[in-house]
Amino acid sequence: MSLVVLLWALLAAFCLRVLGQALVAFAQVTWLPPMEAWYSGLLPYQYLLPSQLFIILLFSKVCVDFTRGHGFFMRPHAAFGRGVLTFGYLYLTAMVLRYVIRMSLYPEERWFGGAIPIFFHWVLAAFIIALGHYHRTRMSER
């Protein structure tokens, strides 16, 4: 799978997550999991939704740059690549630990209870890691 396809697929998955939660929150859709399943409560939804929309806009810019083959996010930057890759791995590690801790604290919810937010943090971390890996690989080729 090409990097462009991977980035678009991860962005699409995140967009579907945001849409699903918004449908539950605003349209009272009943065929999707309830709001408690989508929402960890760490950030009030009135702030979470705008932050999710910002992530979608930012990641869309990354995807458009990669699709066009030029733009800010296509130009290899060593420090940017190292920082993004480090952040991505730390973020993924924290979310894996969050999952392990949640499943140990709430064994009755194994394996998927409360996992929607965590799983989509993994999606975001994968996007960030893929972007960082691109920059690291491109800089090592120079």
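The values are calculated or read from the model by the stated rules, or taken from the named source; none is laboratory data. Computed from a prediction, not measured in an experiment: that's the story for all the values here. With ideal geometry, Cβ positions are generated from the backbone for all residues, glycine too; neighbour counts draw on all protein chains shown.
General observations
- Only one entry of 82, 75 meets the criterion of being of a type in the set (D, E, K, R) and in a loop (DSSP other than H, G, I, E, B), and that entry is 75.
- Meets criteria (under 25 Å from residue 5 (Cα atoms) and either assigned to a helix (DSSP H, G or I) or of a type in the set (Asp, Glu) (or both)) for residue 23: no
- The condition (being modelled with pLDDT under 95, crowded, with 17+ Cβ neighbours inside 10 Å, assigned to a helix (DSSP H, G or I) and touching a Gly at 6+ places or on another chain (Cβ under 8 Å)) is satisfied by just one residue among 102, 138: 102.
- Those residues of segment 29-60 which are without any contact (Cβ under 8 Å) to a residue 12 or more places away in the chain and among the β-branched types (Val, Ile, Thr), in sequence order: 29, 30
- Taken over segment 35-55, the criterion of being loosely packed, with under 15 Cβ neighbours inside 10 Å and either assigned to a helix (DSSP H, G or I) or acidic (Asp, Glu) (or both) is satisfied by 35, 36, 46, 47, 50, 51, 53, 54.
- Residues located in segment 80-117, provided they are of a type in the set (Val, Ile, Thr) and either out of contact with any helix residue (DSSP H, G or I) (no Cβ under 9 Å at 6 or more places or on another chain) or in contact (Cβ under 8 Å) with a residue 40 or more places away in the chain (or both): 84, 86, 100, 101, 116
- Residue 71 meets the conditions (1) surrounded by 13 or more Cβ atoms within 10 Å (Cβ to Cβ); (2) on the phi < 0 side of the Ramachandran plot in every case but one. The failed one is (2).
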